[in-house]
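Undergrad: What follows is a single structure, and I will ask about it in a moment.
None of the figures in this text is laboratory data; all of them are computed from the coordinates on show. Please read these numbers as outputs of a predicted model, since none were measured by experiment. Quick reminder, even Gly has a Cβ in these numbers, built from the backbone with ideal geometry, and neighbours come from all protein chains shown.
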């Protein structure tokens, strides 16, 4: 399968080090450029190899085939939801932890401001 748009602008995340990834410094030049000028299609970075639709589709296809085999064995209908959960549960779990952490910090700060406001 050939690329619709050839890879002209490689993703800077591929060349970034640990600190740059941790603090998202790798994206700052893109934000500065987008702040000063209107972004065009050629300035958008290419997708990471692990985020390409072909790779993700093949991974999900494998889990879907497992789900179909399991459903045939148990005489049930295969569930796309189960296949998606089995395929992507790790990334969703990480996102859930980060969301819970953010919500917890927001609630604690709101409760602290109410507590301080009483005095």
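Undergrad: Name the residues in the range 72-119 that are in contact with a helix residue (DSSP H, G or I) (Cβ under 9 Å, 6 or more places away or on another chain) and either part of a helix (DSSP H, G or I) or within 20 Å of residue 50 (Cβ to Cβ) (or both), would you?
TA: Of everything in the range 72-119, those that are in contact with a helix residue (DSSP H, G or I) (Cβ under 9 Å, 6 or more places away or on another chain) and either part of a helix (DSSP H, G or I) or within 20 Å of residue 50 (Cβ to Cβ) (or both) turn out to be 80, 82, 83, 84, 85, 86, 87, 88, 92.
Undergrad: Taking the range 37-57, which residues are surrounded by fewer than 12 Cβ atoms within 10 Å (Cβ to Cβ) and in a loop (DSSP other than H, G, I, E, B)?
TA: Within the range 37-57, 37, 38, 39, 40 meet the criteria.
Undergrad: Being closer than 30 Å to residue 27 by Cβ and either in contact (Cβ under 8 Å) with a residue 12 or more places away in the chain or surrounded by 11 or more Cβ atoms within 10 Å (Cβ to Cβ) (or both) is the filter here, so list the residues in the range 58-88 that pass it.
TA: Once the filter is applied, which keeps residues that are closer than 30 Å to residue 27 by Cβ and either in contact (Cβ under 8 Å) with a residue 12 or more places away in the chain or surrounded by 11 or more Cβ atoms within 10 Å (Cβ to Cβ) (or both), the range 58-88 yields 59, 60, 84, 85, 87, 88.
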